[in-house]
1. Which cysteines does the chain leave without a neighbouring Cys Cβ under 4.7 Å?
2. Taking amide H positions as placed 1.01 Å from N in the peptide plane, with prolines and chain starts having none, which residues 5 or more places from Ala213, or on another chain, fall under 5 Å of its amide H?
3. Calculate, in nm to one decimal, what Glu132 and Phe9 gain on full extension: separation in residues at 0.36 nm each, minus their alpha carbon distance.
4. Taking the Cα-to-Cβ direction at Ala156 and at Ala174 and moving 7 Å from each Cα, how far apart do the two end points lie in nm?
5. Report, ordered by chain and residue number, the lysines lying within cross-link reach of Lys289, taken as a straight Cα distance under 25 Å and ignoring same-chain residues fewer than 8 apart.
6. Could you tell me how far the Cα centroid of segment 303-375 sits from the Cα centroid of segment 155-178, in Å?
7. How much FRET efficiency would the formula 1/(1 + (r/R0)^6) give for Arg105 and Arg194, where r is the Cβ-Cβ distance and R0 is 22 Å, rounded to 0.05?
8. What percent do you get for the relative contact order of the chain when only Cα pairs under 8 Å and 6+ apart count?
Amino acid sequence: MTGTGFEIFARDGRARTGVLRTPRGEIRTPAFMPVGTAGTVKAMLPESVRATGADILLGNTYHLMLRPGAERVARLGGLHRFMGWERPILTDSGGFQVMSLADLRKLSEAGVTFRSHVDGARHVLSPETSMEIQRLLGSDIVMCFDECPALPASEAEVARAMRLSMRWAERSKAAFGDRPGHMLFGIQQGGVTRELREESAKALVDIGFDGYAIGGLAVGEGQAAMFGVLDHAPGMLPEDRPRYLMGVGKPDDIVGAVLRGVDMFDCVLPTRSGRTGQALTRRGAVNLKNARHADDPRPLDPECSCPCCRGYSRAYLHHVLKAGEIISAMLLTWHNLHYYQELMAGLRGAIAEGGLAAFAAGFAAARAEGDLEPV
C-alpha cells in the first residue's frame, strides 16, 4: 500500500474512527460513499457532492464497462478526470450487477458470460477482466470479483457461492498485481451462517488484502438478521484494516453497523429517495408528495444547514415535485446526502469523545419523535 494506509484514532466499544489515506486524499472513517453508478451522482455536480462532506465516491464497473466503456474512459484520462472528481473513487467488481441486471447469464469457474441489459451484446466478466476494467477506470480502491447470491438461499447454495468467491478472490489478487497507490479489498461472503463467514474470512486473510468488505447482506435478509451477522463478522477481519459493509444502507442500519465495528458504507438510498420525493431527516423519512406540505412555509428540517433547508419551504418542495421540475431532485438529493454526511461526522465525533452510546440514543429518540407536526 505505497502512499496509503489506515490509522485508527479512537475506539468506543467495537466502533472505531480514523482515516484511510490515499494519494488522492484522506477518507475519514466511518465514511459514507455516495453512489456515482455511471460516472455521476445523479442530480448533483461533483463540487456539490464534495460540499456535503463526502471524501470518496463509488463507481460501478458493470455500468461503466457497458457504457461508455472502460477503454474509452482510460483514453480520456481515467474516471476521475472524466467525471470531474479528483478525490478517491472506489469501484465495485461488477459481480452483483451481473447477477441482478444482466440477461442470459452463464456462471462457471472461469467467470460469468452475460448479455448486456443495454444492447444485448455478449460480455465476459472474470476476476481477471474485472481487475483490468477497474485498472482502466483508475479507481483508488478496487473490489475483488465475487458472486453474491440473493437471500433467502439454501445454506448449500450460499456455501458454493462463497467458496467460488474465495477462489475468485485469489485470482483477483494475482491479476491486480503490484499497483502502488491503489488498494484491493477482499469481500467476505457466507450469508447469515457464522461458520461460512469464518471460513470466508480465513481464506481472505490468508490471501491478504488492503481492506475487507462484508458482502452478501442487505439482499433481502432483514435488519435483524443483518445485525446478527454483524455481531460477529467484523471481528473476524483484521483489526488494522478498514471494514466496508457493501450496499448499506438506511440511517439506522449505518448507526447499528458502526456500533458493531464497520468503517465504510455505500448505498443508493439517499440519491434514489431524493429523486422520488422522499427526504431523509434526523426525524425519519418525510414524503414531500403528501398534500399536508402544500401550504407549509417551514423548511424541511429547521436544524439542517443544507441549501435545500436554508433556502426553500416545504410548500415549494411539494410544488416542484408535483410539477415534475428537475430542481426537486436536485434539492432533495443534496439534502439527503448532506444529512448522511452530517450523520457520519456525528458518529466520528461521538466515537472520538467516547460518547457513542449517548449519540445512538439521541439518534433513536429523534427518529421516534417523528416529523414536524402539520401547520
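1. Cysteines lacking a close Cβ partner in the chain: Cys144, Cys148, Cys267, Cys306, Cys308.
2. Here the answer is Gly186, Ile187, Gln188, Tyr244, since their amide H atoms fall under 5 Å of that of Ala213.
3. The span from Glu132 to Phe9 would gain 40.9 nm if fully extended.
4. That separation, rounded to one decimal, is 3.0 nm.
5. Lys42, Lys250, Lys322
6. Between the Cα centres of segment 155-178 and segment 303-375 lies a distance of 39 Å.
7. 0.15
8. Details: 746 pairs, mean separation 64.6, N = 375.
Averaging sequence separation for qualifying contacts and normalising by length gives 17 percent for the chain.
Every number in this text was worked out from the coordinates using simple rules, so none of it is lab data. Bear in mind that the values here come from a model prediction, so they are computed numbers and not experimental data. Note that each Cβ is placed from the backbone with ideal geometry, even for glycine, and that neighbours are counted across all protein chains shown.
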